[in-house]
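What follows is a short report on a single structure.
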Amino acid sequence: MSWRASLAATASIALCVVFSTDTQGVIPCDHYGDPLAFYEALGFGRYATGGNVEGAAYVTVTSLEDYDPTFEGAQDDPEDYPDTLRYALEEMSGPRNIYFDVGGTIECKNPNWYFTIKGEDDSQLTIDGLAGDGECVSIVGGQTVIIDAHDVIVRNMRFRVAPDGGAVNLH
C-alpha cells in the first residue's frame with residue numbers, strides 16, 4: 001500500500017472515531033475555542049452562559065398549570081404549585097436551568113400575565129421549552145416577558161396571544 005493510501009485510511013478512521021464519540025457533558029465551542037451557549041448557537045448571544053455555571057440548580061417543570069396570587073378572585077398560594085414554570089421563575093433565584101418534563105400549553109390565569117427576569121439573582125438562567133416527550137411548550141394569554149438580566153437563554157418556547165386579544169412583548 002502506498003503512503004498516500006495509508007494516510008487516507010488513517011485519516012478516515014480518525015474522522016470516524018472523532019464523530020462517533022459521545023458528546024454528552026462536552027461544552028460546545030466555536031472554532032476559536034470559546035464556549036457557546038448551546039450547539040449551533042449563532043448571533044449576538046451565542047456566548048451567553050445561561051445556567052451552565054458551577055453550582056446552578058436544575059429545575060424540572062412537571063405541570064402546565066398556572067397560578068396568580070395577585071389576580072382578583074384567584075388568590076393562589078405559590079407553595080401549592082412548586083412544579084410550575086411560574087414557581088421556578090418567581091419563587092426561586094440564582095443560576096438555574098429550567099427544563100420541562102411535559103410539553104403542551106400553559107394557559108395564563110391572569111390576562112395581564114407577565115414574568116420578570118431581573119437583576120443579578122435572575123441572571124445565568126436557561127429555560128428550555130423542549131419537553132422530554134419531544135413537544136415544545138407554549139404560553140398562551142400572557143402579554144409581556146421582561147428580561148433585564150445577563151446570560152439568559154430561552155429556547156424552544158412559544159408565546160401566543162390570547163384568543164381575545166392582547167400582545168406579546170419581549171423586552
message: For region 11-32, check the following and say yes or no: at least one residue is open to solvent by 70 Å² or more (accessible area, probe 1.4 Å), out of contact with any strand residue (DSSP E or B) (no Cβ under 7 Å at 6 or more places or on another chain), modelled with pLDDT of 75 or more and part of a loop (DSSP other than H, G, I, E, B).
response: no
field: In region 148-171, residue modelled with the highest pLDDT [restricted to those that are touching a Ser or Thr at 6+ places or on another chain (Cβ under 9 Å) and among the acidic types (Asp, Glu)]
entry: Asp151
field: region 69-83, subset part of a loop (DSSP other than H, G, I, E, B), modelled with pLDDT under 80 and of a type outside the set (A, V, I, L, M, F, W, C), residue surrounded by the most Cβ atoms within 10 Å (Cβ to Cβ)
entry: Asp76
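The values are calculated or read from the model by the stated rules, or taken from the named source; none is laboratory data. Because the structure is predicted, anything quoted here is derived from the model rather than measured. All Cβ positions, glycine included, derive from the backbone under ideal geometry; neighbour counts span all protein chains shown. In case anyone asks, the SASA skips ligands and DNA or RNA and just uses the protein heavy atoms, side chains included. Shrake-Rupley method; radii C 1.70, N 1.55, O 1.52, S 1.80 Å.
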